[in-house]
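So the structure is just underneath, and the comments pick up after that.
We did not get these values from a lab; they are worked out from the coordinates using the rules stated. Being a predicted model, the structure only gives us computed values, none of them experimental. Because the Cβ atoms are built from the backbone with ideal geometry, glycine has one as well, and the counts that use them run over all protein chains shown.
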Amino acid sequence: MFNTHTYLYVEDDPLSREALSIIMRRVLKIERLYIFEDSENFLDRLKALPDQPSIFLLDIHMQPYTGFEMLAMLRKEPAYAEARIVALTASVMNEEVTMLREHGFNGVIAKPINVSSFPKVLQRLVDGESVWHVGD
Amino acid sequence: MQAQTNITALESLRQLIDRLVVPPSAITDAQERRRASLVAGMLLAMLVVGLLFLALAAARFPDSIFDADFIVLWVGWGITIGIYGLARRGYTDAAAAAMIVVLVIMLPTSAAIRGGQSTLVNLLIFPILLSAIFFSTRHVLLVLAVSLAYPLVLSQLDTQLRLETQIYQLSQIIVLGTAIVIVYAQHMRALEEIRRYELQNAYEVVRASEAALERRVLERTFELELAKNEAVAARHAAEEADRTKSQFLASMSHELRTPLNSILTFSELMAMGTFGDVNEEQHDYLHKMLYSGRHLLALINDVLDITKIQSGMMKLFIEEDFNVVQEMETIAASTQKMLKDKPVELVVDIDRDIPMLRCDKRRVRQVLLNLLSNAIKFTEEGTITFSAKNRTGEIFFAVIDTGPGIEMEHQELIFEPFVQTETGIHHSGGTGLGLPISKKLVEAHQGKLWLESAAGQGSAFYFTLPLQADLSAVEVAV
């Protein structure tokens, strides 16, 4: 059920990248997962991908474009208007959650990512829901 | 009765006189008005006295009332009425001058026509008086000169006027009178000058104090402006400090949690067998790593929370739909593992009719979980009651255990951050922050959290959350 979608994961911390890619590829058997290490030329690189993602997992603290800026760029393109875009962040304070909602994210996933609950969260995203449950 | 009518008669006489001398309203200056009513008054007096004099003379010399000298007087009297009219219209100086001229000419002329000794000439004191009151010393001397010269001239002409002895008397009277009048006039003028001077001084003083006051006001305004600017700057500095603190907390949060991400995730993946089978020993140690990692995460979360609370940066995220029944059942279910090996029964007792609670859902879950896991940690056997009751205006939560209880001396301490009792350290391996944080979170919701316990008698933690708390949607600083 996860494989009907294509995913893009943008994260600058190498260990976090490795951890989540193992969960998604090895445990959840997702085949079409693309990973960016930085947000340089974000939109061009995105459009150049062989398959277009419908689910985006974006780390907020990215360079040169932050998660918010990437979100703005995506929402401007009609191709990604329906995409589920989720923020990944290690620091989730209430003000930030409000900000994320206001900017138009479909959810937030807190780091450290919980291996057992991540599949459920991803499933809800795949089903078109928003995910705002933060923390434990 | 008699006295009263006399008084009213006097009153009406006074009112009559007032009406007869009141200056025209076109004259606004107070001093001018005084002069105008004075000249009108004097003219009025002269008219009355003149009339009396003429009436007496007519009574004494009834045959001579149509003689030339009388006619001069009558004409003079008539002219005086005209001059009175002038005065009433406001031509104060003109009226005074006209009167002086009339008197100076009329009196000696009438005396000359009549002949013999005449007392009329003595009345020349009046034009001198008038000129002293209304005009300056120069004019007084002029009038004096004419008053002396004209009768003299008349006596030399072919008239009946005999002034030889009278001239001597006349000149005495006139000169003496004039001297007195001049001195008095000078005195009055001097007084007036003094008053004017004093008035000017007073005016100056007022102006000066006005200016001083204005200066003070300006100074004070400037000071206030400075103070205001300082206050604004201080506020900006405080806001800047808060922003810095906030950013620090956010980045600390991020920095501390990122490494844990890989520790926890890899350990769990490995324990799940993702990288190959693991034997029992490896599984065991991996789970110990996971346990420590999760514990570390809890510690970091607690420390960040208490830092936020203590620096006044704790903000609640209020939502309207906390389903107490569901949430408490979920929390109870999640602690099943902790209870597996202990002869402890968890009794969940939640009123079915509890409405949706308006609160920060995550934080309320945090408090419930904190109290319940404490109870489980500290209770070796017996019962734990996890309950919520619907009361008017609030929900009443309770977590009651049959554990060792808490001594009176420690009951205050456990709500202090960074303080752990010996029993606490022995059992929990926690931070000692859970209860202080829970208490602050409950209080931020305008509820109360408290403990009832005694050594050896178990512990009961109670807290209330009001249903209609005045919490703004996002920000409640603690």
Completion exercise
Each label sits 7 Å from Cα toward the beta-carbon; between A:M73 and B:M252 the label points are separated, in nm, by 3.3
Handout entry: Neighbour-count order for B:L141, A:L28, fewest beta carbons within 10 angstrom listed first
Key = B:L141, A:L28
Handout entry: Proxy reagent accessibility, fewest Cβ within 10 Å first, across B:T92, B:T8
Key = B:T8, B:T92
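So what is the calculated 222 nm ellipticity per residue for the protein assembly as shown, using -39500 (n - 2.57) for each DSSP H run with n of 4 or more, over all residues, to the nearest 500 deg cm²/dmol?
So the calculated ellipticity at 222 nm is -20500 deg cm²/dmol.
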Handout entry: Sequence-distant residues sharing a close amide H with B:F322 (under 5 Å, placed H)
Key = B:L357, B:C359
Handout entry: For the range A:54-69, Karplus couplings with θ = phi - 60° (6.51, -1.76, 1.60), whole Hz, Gly/Pro x
Key = 10, 10, 10, 10, 10, 6, 6, 7, 10, 10, x, 9, 6, x, 4, 5
Exercise for the section: May I ask you to compute the full-extension gain from B:T137 to B:L199, defined as 0.36 nm times their residue separation minus their alpha-carbon distance, rounded to one decimal in nm? Expected result: 19.9 nm
Completion exercise
Note: B:V348 to B:A179 extended length (0.36 nm per residue) minus current alpha-carbon separation gives 48.5 nm
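With an 8 Å cut-off on Cα pairs and a minimum separation of 6 or more residues, tell me the relative contact order of the range B:180-301 in percent.
Relative contact order, the range B:180-301: 18 percent.
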Handout entry: Extreme residue, positive dipole direction of the protein assembly as shown, given options B:P436, B:L224, B:V364 (C-beta unit charges)
Key = B:L224
Exercise for the section: Would you mind checking the range B:16-52 for residues with the amide N under 19 Å from a putative spin-label position 7 Å along Cα→C-beta of B:L10? Expected result: B:16-19
Fill in the blank from the handout: Within 10 Å of the Cβ of an average residue in A:24-33, the count of other chain Cβ atoms is 1
Fill in the blank from the handout: So, with points 7 Å from each Cα along the Cβ direction, the B:E320-B:A208 label distance in nm works out to 7.2
Problem - Amide hydrogen neighbours beyond the local backbone of B:L346, cut-off 5 Å, H modeled - result: B:I384
Practice task
Pairs of Cα atoms under 8 Å, at least six residues apart: use those to get the relative contact order of chain B, whole percent.
Solution key: 9
Fill in the blank from the handout: Plugging the Cβ-Cβ distance of B:V48 and B:A26 into 1/(1 + (r/R0)^6) at R0 = 30 Å yields, to the nearest 0.05, a FRET efficiency of 0.70
Practice task
Taking a cut-off of 16 Å between Cα atoms, list the lysines near A:K76, but don't count ones fewer than 8 places away on the same chain.
Solution key: A:K47
Problem - Neighbouring partner chain Cβ atoms per residue of A:102-115, average, 10 Å criterion - result: 3
Handout entry: Average Cα contact separation per residue, chain A, under 8 Å, 6 or more apart, as relative contact order %
Key = 22
Practice task
Sort B:T137, B:T265, B:T221 so that the residue with the fewest other Cβ atoms within 10 Å of its own Cβ comes first and the one with the most comes last.
Solution key: B:T221, B:T137, B:T265
Problem - Per-peptide average of other Cβ atoms within 10 Å, ordering B:253-261, B:96-104 highest first - result: B:96-104, B:253-261
Fill in the blank from the handout: Straight-line reach check, B:K337, cutoff 17 Å on alpha carbons, 8 or more apart in-chain or any other chain, hits among aspartates and glutamates -> A:D136, B:D284, B:E329, B:E345, B:E380, B:E381
Completion exercise
Checked the range A:1-107 with the C-alpha gyration tensor, a ≥ b ≥ c its square-rooted eigenvalues, rounded below a/c of 1.5, otherwise prolate if a/b is larger than b/c and oblate if not; verdict rounded
